Each structure stands twice: as C-alpha cells, then as structure tokens.
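**Student:** I'd like to ask you about the structure that follows.
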Amino acid sequence: MDRSEHIGESAELYAVGALDPAGHAAVEAHIAHCAQCLRRVGEAEETVLALERANAVHAARRDARAPRRLTRQAVAWLIPLTAAAAFILGLLFPRPVPQHDVATLAMIGSHFSHAQFSGHGSAAKVIYARDRSWYYVIVEGRRRYSVYGFAGTARTKLGETVPSGKTSEFFTRSSRAYDRLELRDRTTIAGIATIR
Amino acid sequence: MAVIFDSRTAHWASVPDESLAESFGRRDAGAYEAAYRSFGPRMRATAMRLLRDWDAANECVHDVFLYLWRKETAYSAARGSLEAFLVTCVRNRALERLRDAARGRAANEKMEVREEYVLEEDPIERERIGRAVAALTEAQAAVVQLAYYRAMTLSEVAAQLQIPVGTVKARLSAALRALRRSLIPQVDHGP
C-alpha cells in the first residue's frame with residue numbers, strides 16, 4: 001500500500017481481523033500518519049464494539065465448589081480479582097520474562113500508585129503497589145542507576161535499572177514497605193521519590 | 001465514565017472516558033488499570049465468544065494490555081472510542097489464536113467440547129443486532145455471518161460462497177458501514 005493512498009475498505013477489514021499479517025501491518029503503518037483513515041478505522045472499531053455488546057459483560061466461570069449463583073455485580077468485581085490471583089500465582093513461579101512484562105502483569109492485577117522522582121537526574125517515576133509489595137522504576141534514557149529503598153533510616157540497595165528501549169527500568173517485589181526510593185548514579189543522588 | 005486512582009489526591013475519582021482515552025494514549029499506568037477494570041469484562045467476553053475457553057480469553061486480554069504497554073504509539077484518542085479499540089484488539093488476538101488452533105483438526109474438536117463458562121447474552125441487544133444484520137442485503141449478511149460470526153478468513157469465505165476474494169472484501173466493508181449506520185444512529189455520517 002502506497003503511503004499516500006488511503007486505506008479505503010481495508011479499514012473495516014482491519015477492524016474485523018480479516019486482513020492477512022502484511023495487510024494488517026500496512027494499515028497500521030498508514031494510520032500512524034493519516035488522521036482521516038485513523039478515524040475511519042476508529043469508526044469500524046465502534047461497529048465491532050456494537051456487535052459485541054450483546055454478550056459482553058455477563059461472562060463468569062462455573063465453579064463446582066461454589067454452587068451459589070453469582071449476581072452480575074459480584075461477577076463484575078470477581079473478574080479482576082480472579083485475574084489478580086492468577087498473576088500472583090504466576091509470579092510465585094518465576095519464568096524468564098522481561099521485567100516490564102512482569103511489572104505490567106502486576107499492575108494490571110492489583111491496586112497501584114505512582115510517584116515522580118525529584119532531583120537533577122533524568123525524568124523518572126516509580127509505579128508501586130499500594131500494599132508496597134512491588135516497585136517498578138522507569139527512568140528516561142538508557143543510563144543505569146542504582147535503586148535504594150528507605151524504611152525510616154534503614155537503607156537497602158534494591159538493584160539497578162536495566163536499559164530497555166528508550167528507558168531504563170527496574171522491577172522488584174518486596175516484603176518490606178519503603179517510604180522513599182533513591183536513584184543513584186554511582187555515588188550521586190539523581191532523584192528521590194516519596195512513597196505515600 | 002471510568003474510575004481512576006489519582007495519586008495526587010490519593011483518591012479514586014470518576015473521569016470521563018475522553019480523559020481516560022487521552023491518559024491511556026500517553027501510557028499512563030493509572031489509565032491502564034482503569035481501562036482494565038472498566039473494559040476488561042467486555043474484552044474477556046468477546047474473546048470467550050470466539051474461543052469458548054475462559055483461560056484462553058483471559059490470556060488474550062492480558063496479551064493485549066502487554067502489547068499496548070510495550071508499543072508506545074498503539075493508541076491515540078483521535079482514533080475514537082478506547083473501549084472499541086480494546087475490544088477490537090482482543091477480538092483480533094482471539095482470532096489469531098483460533099486460527100492457530102484451527103490448523104489442527106484435533107484442536108478444533110477440543111475447543112468444541114469446552115463448556116466451562118457462562119456467557120450470557122443481553123436479549124435486547126441481541127435482537128437489535130439481529131435486526132441490523134437482517135436489514136443487510138442477502139449477500140452482505142452472508143459474508144458477515146461467515147467472516148464475523150464464524151471467524152472465517154477471506155479466502156475461506158470466498159471458497160464457501162464461490163465468489164472472488166475482492167468481492168468478499170467489498171461486501172464485508174459495505175456491510176460493516178451499513179451496520180454502523182443501523183447500530184450507531186446518533187453519529188453524523190456526513191453528507
């Protein structure tokens with residue numbers, strides 16, 4: 001597909017998953033720079049959503065050990081909780097997955113918050129579980145930083161950020177709740193984030 | 001509206017879907033969680049309708065969020081509804097899995113006997129969609145049934161109906177636009 005040529009009917013075919021991988025990739029490349037075709041794809045996606053509305057929200061797993069019929073409201077809350085449990089079980093048996101994948105799984109499955117690092121270093125933030133069970137540090141740029149956790153006056157080196165794309169990242173699960181994280185570039189403090 | 005955790009005030013707050021979409025486009029972590037909570041059930045049900053497997057549907061939803069998280073420019077609010085985008089993404093992911101599995105006959109048979117789920121339908125929506133599909137031309141309705149509901153590839157549809165693939169494409173595209181006019185009547189479709 002020529003970059004200057006609009007995608008036409010491929011917008012609808014893309015939305016319903018009818019294109020082959022090459023056609024799919026061509027549409028994605030085109031809509032990355034064409035607002036008109038992006039909107040047409042968006043409209044086709046809204047049609048897909050309309051077709052899926054009939055059977056969207058009342059999915060629930062049958063559990064022989066729990067014969068009590070779940071209300072729709074209970075199901076709506078149970079689904080994320082079930083997913084969270086699955087994530088936690090998965091994380092108990094670590095596999096060689098990239099840090100950001102593990103972090104994303106943890107984020108999707110639990111309550112979390114985030115804080116910016118203040119300091120003279122690169123822009124950085126920490127995303128952390130509200131129960132302080134994990135911390136995910138993302139620093140702009142590919143420089144490696146040491147990450148320290150503070151619980152009161154006690155300091156613990158948690159690890160080092162690892163370059164990944166345009167950022168440097170560090171994910172850790174922790175049984176200890178920290179009230180402050182520090183980023184260090186060798187011996188220099190590059191940033192401090194307060195965990196609330 | 002979606003519910004999102006505001007770290008500045010440490011409170012949960014309702015935000016318009018438009019704000020959520022913009023935050024999601026910026027890969028804001030809070031927006032990802034809010035989107036998961038708001039749209040995850042519908043995404044899961046969409047995948048389940050195709051795969052008929054709870055665990056596989058869950059994996060599809062997680063795959064989509066992971067993919068989008070890693071791909072920086074996957075979504076922008078200019079595209080339109082975030083929910084529609086996510087539901088389409090998960091449907092496409094489920095189709096990939098379905099077609100992978102369908103390459104082996106045994107896999108197909110295995111999927112047909114899985115019944116460990118409850119997928120309820122909203123009868124009012126079902127009827128509304130049924131009316132919209134019935135309003136299509138017979139030729140368009142046939143390609144929608146095969147390509148959309150039975151998840152056939154364009155080549156399979158063409159073979160089934162004994163028409164060229166190009167004709168399938170044109171009919172499917174026209175059918176989707178007609179369904180949009182029926183199902184989303186409040187939209188200004190232009191002159």
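Quick note: the coordinates plus some simple rules give every number you see, no bench work behind them. The structure displayed is predicted, hence computed values, not measured ones. Here the Cβ is made from the backbone with ideal geometry for all residues, glycine too, and neighbour counts use every protein chain on show.
**Student:** Average partner chain C-beta neighbours within 10 Å, per residue of B:151-161?
**Tutor:** Average neighbour count from other chains, rounded to a whole number: 1.
**Student:** Can you work out the Karplus-derived ³J(HN,Hα) for every residue in the range B:70-84? Use 6.51 cos²θ - 1.76 cosθ + 1.60 with θ = phi - 60°, whole Hz, and x for glycine or proline.
**Tutor:** The phi angles translate into 7, 9, 5, 10, 6, 9, 9, 4, 5, 5, x, 4, 5, 4, 4 Hz.
**Student:** Give the residues of the range B:153-179 whose amide nitrogen is closer than 16 Å to a point set 7 Å from the Cα of B:GLU138 in the direction of its Cβ.
**Tutor:** B:161-163
**Student:** So which trypsin sites (Lys or Arg not before Pro) in the range B:52-91 end up in coil per DSSP with only 14 or fewer other C-beta atoms within 10 Å?
**Tutor:** Qualifying residues, ordered by number: B:LYS71.
**Student:** Where a ≥ b ≥ c are the square roots of the eigenvalues of the C-alpha gyration tensor, would you call the range B:121-191 rounded, which needs a/c under 1.5, or, failing that, prolate if a/b is larger than b/c, or oblate?
**Tutor:** oblate
**Student:** Counting partner chain Cβ atoms within 10 Å of every residue's Cβ in B:72-81, what's the average?
**Tutor:** 4
**Student:** Largest first, please: the extent of the C-alpha atoms of the range A:10-55 along each principal axis, to the nearest Å.
**Tutor:** Here the spans come out as 33, 23, 11 Å, largest first.
**Student:** Determine the shielding of peptide B:167-173 by partner chains: average, over its residues, the number of Cβ atoms on other chains within 10 angstrom of each Cβ. All intermediate terms of the calculation are to be shown ahead of the outcome.
**Tutor:** Values: counts 0, 2, 8, 3, 1, 5, 10.
Taking all residues of B:167-173 together, the mean is 4.
**Student:** Sticking with this structure for a sec: Could you give the nm distance between label points at A:SER118 and A:ALA151, where each point is 7 Å from its Cα heading toward the beta carbon?
**Tutor:** So the label points at A:SER118 and A:ALA151 sit 2.5 nm apart.
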